[in-house]
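These notes concern the structure reproduced below.
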Amino acid sequence: VGLASPAPWERTRSADQVTRVLAEAALAELPRNAVLLIEADHAVAPLMYLQEIEAQRPDVVVLPLGLASSSWLWDLIYRRHPDLVPFAVRGPGGRDARVRRFLDAQPTRTPFTNERGVALRVGAPGCVNGVLLTLTPCTEPARPDGLLPLLRHAHAQLRDGSPATAGLLAWEAEARA
């Protein structure tokens, strides 16, 4: 293990803030009272930490899709956002249909995601709008892609010192492409 690349003195995990930087960038660009659909655990945990522990952007509904079948998650979301319109949690179509019903019940909250696959599954276009994708029709000129410059910068900082994070950056870049 000690001979595995990179060598222990070359590793940069202690300086690895990639997931935090991506989460902060996502929260910063969201309009007030947005809904953010997130599926990947590497994005869910930092977003929930920033909201729950650091109280960043409490107006934003962070909806971790992997937990959308859990009643406790919906209880938490409605406790955090008592102004949300109730919707039928139980109904046909499984998790993606449940999320669509939730979004349809919140017409004043603009939905976003970080993955085109999520947008397609909930029946939305998924237009690039900075770091995230908006789930509304692509009618206005979108902001330039803000994710790829963040990924390039993060990779340059890490160099070869964090193979797991380099893999995460590659996954994010491929998902965006």
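The values are calculated or read from the model by the stated rules, or taken from the named source; none is laboratory data. Note that the structure is a prediction, hence the values are computed from the model and not measured. Glycine gets a Cβ as well: all are built from the backbone with ideal geometry, and neighbour counts include every protein chain shown. Note: accessible area is taken over every heavy atom of the protein model, side chains too, but ligands, DNA and RNA are not part of it. Shrake-Rupley method; radii C 1.70, N 1.55, O 1.52, S 1.80 Å.
Structure data summary
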{"item": "Viscosity 0.890 mPa s, 25 °C: Kirkwood-radius Stokes-Einstein D of the chain over Cα pairs, µm²/s", "result": "142"}
{"item": "Segment 35-130 - convex hull of the alpha-carbon atoms, volume per residue in Å³", "result": "103"}
{"item": "Probe 1.4 Å, protein heavy atoms only - accessible area per residue of segment 44-93 in square angstrom", "result": "55"}
{"item": "At R0 = 41 Å, FRET efficiency that the Cβ-Cβ distance of residue 90 and residue 148 yields, to 0.05", "result": "0.55"}
{"item": "Gain in span if fully extended, residue 69 to residue 171, counting 0.36 nm per residue against the direct Cα distance", "result": "34.2 nm"}
{"item": "Accessible surface of segment 13-70 [probe 1.4 Å, protein heavy atoms]: carbon and sulfur percent", "result": "54"}
